[in-house]
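Data first, discussion second: the structure below is written as C-alpha cells.
Taken together, the values in this text are just the output of simple stated rules run on the coordinates, not laboratory data. These numbers come from a predicted model, not from an experiment. Positions of Cβ are generated from backbone atoms using ideal geometry, with glycine treated the same way; all protein chains shown enter the neighbour counts.
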Amino acid sequence: MSALALLGAYGTLFVGGYGLLALLVRQKIQFSLTEQIAFSWLLGTGAVSLLLWIFGLFVHGMLLPGLVSIICLSLGLVGWRQMVPRPLRRTPNPFEIFLGTIIVIEIAIVFYLSFVHTLGWDGLLNWEIKARYAFANGGVIPATYFSDSGRAFSHPEYPLAIPFTELWLYLWLGEADQFCAKTIFPIFYVIGTFLVVAIGRRFTGKTWIGLVMAAFLFFVPQITVEVGSAIGGYADFPLSIFYLATIGCLLCATEPKNDAFFGLYAACLALLPWVKRDGLILWIVAAACGVFVILRTKRSSRHFLALFPGLLIICGWRFYLSAMHAPQAADFLPMNLETFSSHLDRILPLFSALLTEFHNLPTWSLFWFVVAVGVAYLLGQMRNPGTPILLTALFLPIVLYLLIYVFSSWPNYLEHVGLSISRLLLHVAPVGFLITLLAVSRRRVKSPAPVHERGVTCTIAVSERTPMVELA
Amino acid sequence: MTVRFSYGRIAHVLLWGGLAVASLLVSIPRIYSGVTDHPLHSTSPLHTCDSYLKFATGVSGASKDMISIFQSMSASKRIIIFTCKDDAFSSGLGMTTAYLAAPHLVRLFEISGTHPDNELSKMNPDEVAAVVFCRVNRPHWLPAGKVFGSGLEVVSIREKARR
C-alpha cells in the first residue's frame, strides 16, 4: 500500500513537472529522455511545493492534495499534447554501456546509503519538521509554529520546497514517515547524474564525457557520504542540482534565439530561493549571468521578465513570514556597511579557512584541485560567451558566501564557517563538474566530429566552431 | 603539426587520466568506509528520532511513547524543556523532544549547571503541561516522571505538583 502511495505521489509530481516542461519548451526543441526526466522532477518538486503552500493559504485537509493532484494531472495532459517526440535513439557503444553500468551501480549505492543513514540533524530539525507539522495540521504549517520561540532552532524562516515535497509524500502515504521522506534525496542524485550526462552531450556532442563526469560525482565524499550530502535529507544537494540546471540551461541559452532553454533557465532560477535561503545568493549570481546573456545575445527586453518569477517568490515568502510574525534568523548581524567595516579583520582568516576547506581531502578528495586545472583550461577560452558565465557561476557565490561570514553573529565565527562551509561549497560543486567536463572535452571538440544525434547538441565549448544549436 | 598535436593530445589524456586515478585513490577509502560503516536500521516512520533517542538514552523506540505522553496532555499548555549548556547530547535531546512535543508550544531553557530550581520556581504551573529534563537533574520537590533510559525524564505537571 505504501509503495502504491509513493508511486502515486511521485507519479503526480513527475506528470506535473512534465506538463510544465512541455509548456515552457513549446515544441521548440527535442529533449532526450534523461533531460525530460530531470527537468520534470525539478519543475515537479518546485510546482507541487509552491502549489501546496499557495493553496494551503485557502484550503486544507483532503481538498488540498486533491486540488494539487488535479492541477498536476491537467498539466500532464496539456504537456502530453505539446511535447515534441524524443529524437531517435542511437545504439550506445560498449564504453558508454560500461560507464552507464557503473553509474547505475553508484545510484544503487546512494539509495542504499540513504536508507541506512538516518536523516541528518538539519534534515530532521530544519526541514522534515515542517513537513510533519504541516501534515498533522491538514497540509498547512500551523501559525503557532512560526511564532513559537521555543522552536526557533528549527528555522521557521527557511523556504518550503524540500519540506513540502516531503509533505506531498506524507499526504499520499497518509502518515508522516521519516523513512519514506528520505527517498527524495537519492532521486536528486539521479537527476544530477542525468543533467551532467545531458549537458555534457549538448556541450560536446559526446555522450561518454558526460557519463565519465556523472560517474565521478559519486567519488566526491561531500556529495555521497559527508554531512549535508545527497543522503542526509539536507537541502544543500537539491539546491546544487537546481543551480546546475539553471546554469546549464543558461549556457545553452547563450545560443541566439534558443528561447526554450531560456524559459527553462527562468523556471529553475525562480526555484533557487525556494529551495534554501542561501539560494537567494545563487539567484543573484544566476540572474546577473542571465542579464549578461540577454545583453550579449541582444535579446529583447521582455527577456528580463525571466527574473520576475524568482522575485515574486522571494517577496511572497518574505511577506508571508512577516505576516506570520516569524522570528528573524539569529545567525547573522544586521547587514550594513557599519557592521561590515567593523568586521573587516575577519576577511583574511575567512579566506584562510576557505583555502583549508579546498584541500580538505576527506571531504572533497581532489575535486577542487581538478576544478582548478579545469579553470586554467577555460581561461584560454574567455571569448566564448559560456566561459565567463561558468567562471562567474563558480566563483561569485563562493566569494559572496565568504563575505556573509563577515556578518556572522556567532562568538567564534570560524566555528560557524567550519560547520557550514563544506555545505555551501557543495552548492557550486556541480558547476565545477561542468567546468571540468568542458576542459576534458576541449581537445575533442576541436576536431570536427560529426554530431550523432539531431537536436541534442549545444556546442558551447567549441572554440573553433561557430556556436550553434541544432534544433529539431 | 601532426606530431605536435599528438603530443598535446597525449599530454591532455595523461593529465586528466592521472587526475582521475589520483582522485579515485583518495576517494575510494573514504567512500568505502562510508558505505560499510552503517548496517540497515529500522524502517519505522520515526526511525530518525528513535535512532537519536537510542543514541542519547539507550532506549529503543522511545519516540512513540513520548508522542503518546505529550498527546495525553492539554495542547493549550506549554512543554518546558531543560538542557545543559555546553552538552551537545543534552541539547540534541532537547530539540528532539521539542520536535516530538507538537502541537504544544515549547520553551527551551539552557542552564549552566544541572539544577533548574531557580527557573522552575518562576514558572506558573497552570500554563505548563510538562517539564522535560535532558541530562539535567529533576528537583527533589517535583514528583518523578516517566524516565527514558539515562538522562531523559518527562514530568507531567498537575495541580499537586505545585511547590
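Once you reduce the range A:1-45 and the range B:97-147 to the center of their Cα atoms, the two points are 48 Å from each other. Projected onto the charge dipole of the range A:2-446 (+1 at Lys/Arg Cβ, -1 at Asp/Glu Cβ, origin at the Cα centre), which of A:Ala439, A:Phe194, A:Ala353 gives the Cα projection farthest towards the positive end? Most positive-ward Cα: A:Ala439. Here is the P(r) of the range B:47-161: all C-alpha pair distances, binned every 5 Å from 0, give 2, 13, 26, 26, 21, 10, 2, 0 in whole percents.
Per-residue shielding of A:168-180, expressed as the average number of other chain Cβ atoms within 10 Å of the residue Cβ, stands at 2. Angle between the Cα long axis of helix B:47-57 and the longest principal axis of chain B, 0 to 90 degrees, nearest 10? Taking Cα atoms only, the helix is inclined about 70 degrees.
Neighbour counts of C-beta atoms inside 10 Å place A:Ser49, B:Ser74 in the sequence B:Ser74, A:Ser49, starting with the fewest. The dipole here belongs to the protein assembly as shown: it is taken about the Cα centre, uses +1 on the Cβ of Lys and Arg and -1 on the Cβ of Asp and Glu, and is about 1820 debye.
Only helices enter the 222 nm calculation for the protein assembly as shown: every DSSP H run of n ≥ 4 contributes -39,500 (n - 2.57), and dividing by all residues gives -20000 deg cm²/dmol, rounded to 500.
Could you tell me the distance between the Cα centroids of the range A:197-272 and the range B:37-80, to the nearest Å? With the range A:197-272 and the range B:37-80 each reduced to a Cα centre, they are spaced 37 Å. Highest-first packing order for the peptide set A:326-332, A:303-309 is A:303-309, A:326-332, based on the mean count of other beta carbon atoms within 10 Å. A Förster radius of 30 Å, combined with the Cβ-Cβ distance separating A:Arg318 from A:Ala372, puts the computed FRET efficiency at roughly 0.20. Its relative contact order, with pairs defined as Cα atoms under 8 Å and 6+ residues apart, puts the range A:1-87 at 48 percent.
Among the residues of A:151-160, the average count of other protein chain beta-carbon atoms within 10 Å of the residue beta-carbon is 2. Were the residues from A:Val59 through A:Phe395 laid out at 0.36 nm apart, the gain over their Cα-Cα distance would be 116.7 nm. So if the hydrodynamic radius of the protein assembly as shown is defined as the Kirkwood radius over C-alpha pairs, what does Stokes-Einstein give as its diffusion coefficient at 37 °C and 0.692 mPa s, in µm² per second? My calculation gives 126 µm²/s for D. Think of the protein assembly as shown as a dipole: +1 on every Lys or Arg Cβ, -1 on every Asp or Glu Cβ, centred on the Cα centre; then among B:Gly61, B:Ser27, A:Phe216, A:Phe216 lies furthest on the positive end. The Cβ shell under 13 Å around B:Leu24 holds other residues with a net charge of 0, Lys and Arg each +1, Asp and Glu each -1. Over all Cα atoms in the range B:102-163, the spread is summed up by Rg and Dmax: 11.2, 29 Å.
Of the residues A:Ala287, A:Leu333, A:Val25, the one whose Cα sits farthest towards the positive end of the charge dipole of the protein assembly as shown is A:Val25 (charges of +1 on Lys and Arg Cβ, -1 on Asp and Glu Cβ, taken about the Cα centre). Less than 5 angstrom separates the built amide H of B:Leu105 from those of B:Ile79, all sequence-distant by 5 or more or on a different chain. Against chain B, whose longest principal axis comes from its Cα atoms, helix B:88-100 is set at around 70 degrees. About its Cα centre, the dipole of the range B:103-163 is roughly 160 debye, where the only charges are +1 on Lys and Arg Cβ and -1 on Asp and Glu Cβ. In this simple spin-label approximation, B:Lys77 and B:Asp126 carry label points 7 Å from Cα along the Cα→Cβ vector, and these lie 1.2 nm apart. Take each residue in A:133-144, count the other chain C-beta atoms within 10 Å of its C-beta, and the mean is 1. Working from label points 7 Å from Cα in the Cα-to-Cβ sense, the A:Ala329 to A:Thr356 distance is 2.3 nm. Take each peptide in B:106-116, A:349-359, count the other Cβ atoms within 10 Å of every residue, and average; sorted highest first, the result is B:106-116, A:349-359.
The residues A:Trp410, A:Trp283, B:Trp16, A:Trp127, when put in order of fewest to most other Cβ atoms within 10 Å, stand as A:Trp410, B:Trp16, A:Trp283, A:Trp127.
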